[in-house]
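Data block below; observations after.
The values are calculated or read from the model by the stated rules, or taken from the named source; none is laboratory data. Since we're looking at a predicted model, the values are computed, not measured. As a convention, Cβ positions derive from the backbone with ideal geometry for all residues, glycine included, and neighbour counts pool all protein chains shown.
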Ligand SMILES: Cc1cc2nc3c(=O)[nH]c(=O)nc-3n(C[C@H](O)[C@H](O)[C@H](O)COP(=O)(O)OP(=O)(O)OC[C@H]3O[C@@H](n4cnc5c(N)ncnc54)[C@H](O)[C@@H]3O)c2cc1C
Ligand code: SF4
């Protein structure tokens with residue numbers, strides 16, 4: 001039997017399961033850049049640079065380890081170079097680590113009959129919970145709450161645990177986190193990397209593509225190797241983790257990254273493994289006396305949210321991406337692609353996304369998807385935009401975050417109530433409203449903030465469905481108290497906005 005390994009662009013780890021399944025043998029390996037794959041949506045140019053540059057650097061690493069590596073630059077599709085390589089190397093068994101994305105799993109299965117050899121899918125080892133372990137945890141449960149999944153993960157891996165109890169006596173220190181940003185906040189700088197020769201060649205290639213793409217490319221400064229990704233992690237642990245908790249949800253004009261770790265692009269392509277990130281944060285708690293609220297809050301993002309999103313993605317029915325609980329069908333406004341809107345919060349977050357491919361969690365949740373939710377935009381159009389616009393976007397992380405958490409289009413499988421908010425929230429957690437041409441306090445009148453009238457219109461349009469979510473009853477009582485004339489103007493403004 002002659003084995004060959006196909007390494008996908010989000011599987012760039014020497015410890016990935018297909019490579020380790022052959023260890024220590026240095027079997028032939030192939031990596032393919034496919035142009036067909038990037039025609040599905042206008043991806044952010046920096047994402048294309050990140051993936052292709054990281055793939056090329058990884059191929060070099062493997063060559064230095066003695067692997068016979070074939071690398072296909074800008075192939076028209078995956079099939080042709082793959083089949084040619086299989087034949088040239090007389091490969092009888094193709095091994096691929098299980099793709100994280102469902103559509104790609106289906107694509108490989110569909111291709112199987114055209115291949116001149118057998119194919120073996122090796123279980124994915126880039127997550128901490130296997131699909132079947134998540135299934136065992138979820139089966140028979142009435143609700144699949146993050147909090148109970150997270151506690152189970154802490155116990156399973158014995159992270160921040162003493163005698164099977166949480167360190168400090170509590171599982172969750174969120175009450176000490178999520179503070180609004182004070183004025184004159186001094187924030188740390190992100191760790192950046194000048195483009196080396198390989199990255200410059202990819203930038204040149206992406207600039208000359210005749211395929212629709214999105215976003216700026218000239219200021220690309222992301223890590224593209226494992227060593228650089230480890231340097232980003234070390235920079236976060238030593239310089240940012242201590243302050244991560246308190247200002248986790250804060251948004252400040254011109255401050256794109258604050259105390260966030262910026263590691264999702266690397267976790268999602270295999271340059272970092274979730275367990276080493278969690279262990280680095282736990283070690284810092286014990287050795288550097290970093291406050292528990294920050295360490296626990298950060299570990300919960302990875303051991304909790306990230307694993308939960310992947311587990312749910314594999315657990316829910318295959319029609320999940322098409323769900324549309326509120327029957328929202330408005331098209332995505334053009335300004336999502338250009339950033340040109342008078343709404344300052346959206347303008348700032350979109351401008352940042354166009355420039356970097358990155359926005360932090362609350363910018364994504366409480367500005368971008370909150371607006372899309374209350375304005376009634378089609379969940380599938382929103383999901384497609386998020387998938388195109390972000391440097392860390394993949395089908396597995398997109399579906400549950402956008403369809404589930406951001407838009408409640410799954411009717412509450414993931415969230416216990418929709419993340420819908422008016423200008424109040426944005427004003428409390430950011431400085432955006434200070435420089436906006438809309439009045440954050442008004443929900444009617446020509447200067448009324450669209451977040452306000454869309455918010456109340458959303459509650460009004462979906463009163464019946466929202467009544468079923470127990471946690472919405474308090475706010476629905478406020479809706480009941482609103483004078484009918486005011487509500488009529490709110491409905492009218494919301495409707496006219498779309499015309
Ligand atoms: C509408 C919406 C869309 C999102 N799209 C993506 C996406 O395309 N790719 C992506 O990786 N994350 C996505 N997230 C989750 C989260 O916003 C990003 O992981 C995070 O902002 C990445 O920045 P960071 O590395 O600086 O994160 P930090 O704030 O430093 O958090 C640490 C890590 O926790 C993990 N994490 C935290 N929350 C989540 C979550 N909800 N789902 C998955 N991982 C999580 C990430 O790996 C992240 O790197 C989305 C969230 C929402 C609400
Ligand atoms: S006033 Fe409204 S539109 Fe303007 S920044 Fe605040 S929330 Fe956004």
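Out of the residues in segment 233-266 that are closer than 22 Å to residue 56 by Cα and touching a residue at least 40 places away in the same chain (Cβ under 8 Å), state the one that is farthest from ligand 1 (Cβ to nearest atom). Per the stated criteria, the residue is 233. Restricting segment 32-72 to residues that are buried (at least 23 other Cβ atoms within 10 Å of the Cβ) and over 22 Å from the mean Cα position of the chain (by Cα), the residue that is nearest to residue 271 (Cα to Cα) is 58.
Mind listing whichever residues of segment 333-343 are crowded, with 21+ Cβ neighbours inside 10 Å and either in a helix (DSSP H, G or I) or within 14 Å of ligand 1 (Cβ to nearest atom) (or both)? Steps first, please.
Pass one, segment 333-343, residues crowded, with 21+ Cβ neighbours inside 10 Å: 336, 343.
Within segment 333-343, 336 is the sole residue that qualifies.
Could you tell me whether any residue of segment 160-167 is assigned to a helix (DSSP H, G or I) and either within 23 Å of the chain's Cα centre (by Cα) or modelled with pLDDT of 95 or more (or both)?
Yes, there is a match, as at least one residue in segment 160-167 is assigned to a helix (DSSP H, G or I) and either within 23 Å of the chain's Cα centre (by Cα) or modelled with pLDDT of 95 or more (or both).
Quick one: which helices (runs of 4 or more DSSP H) sit completely within segment 224-318 and have at least 1 residues that are closer than 30 Å to residue 410 by Cα?
264-267, 274-288, 292-299, 307-315
Candidates in segment 374-384 are the residues that are assigned to a helix (DSSP H, G or I) and more than 10 Å from ligand 1 (Cβ to nearest atom); of these, the one that is nearest to residue 494 (Cα to Cα) is 374.
Can we say residue 389 is surrounded by 24 or more Cβ atoms within 10 Å (Cβ to Cβ) and over 22 Å from residue 493 (Cα atoms)?
Details: surrounded by 24 or more Cβ atoms within 10 Å (Cβ to Cβ): yes; over 22 Å from residue 493 (Cα atoms): yes.
The answer is yes for residue 389.
When residue 443 is tested against (1) surrounded by 16 or more Cβ atoms within 10 Å (Cβ to Cβ); (2) over 26 Å from the mean Cα position of the chain (by Cα); (3) assigned to a helix (DSSP H, G or I), only condition (3) is not met. Looking across segment 321-332, not a single residue is more than 22 Å from the chain's Cα centre (by Cα) and assigned to a helix (DSSP H, G or I).
Counting only residues that are touching a residue at least 60 places away in the same chain (Cβ under 8 Å) and part of a helix (DSSP H, G or I), which one in segment 452-493 is farthest from residue 367 (Cα to Cα)?
Step one: filter segment 452-493 for residues touching a residue at least 60 places away in the same chain (Cβ under 8 Å), giving 454-455, 457-458, 461-462, 465.
Among the residues that remain, those that are also part of a helix (DSSP H, G or I) are: 454-455, 457-458, 461, 465.
Working: 454: 13, 455: 12, 457: 17, 458: 15, 461: 21, 465: 23 Å.
Among residues in segment 452-493 that are touching a residue at least 60 places away in the same chain (Cβ under 8 Å) and part of a helix (DSSP H, G or I), the one farthest from residue 367 (Cα to Cα) is 465.
Across segment 395-429, the number of residues qualifying as within 9 Å of ligand 1 (Cβ to nearest atom) and surrounded by fewer than 20 Cβ atoms within 10 Å (Cβ to Cβ) comes to 1. One residue alone among 349, 382 is crowded, with 23+ Cβ neighbours inside 10 Å, assigned by TED's automatic domain parsing to the domain that holds residue 459 and within 16 Å of ligand 2 (Cβ to nearest atom), and that residue is 349.
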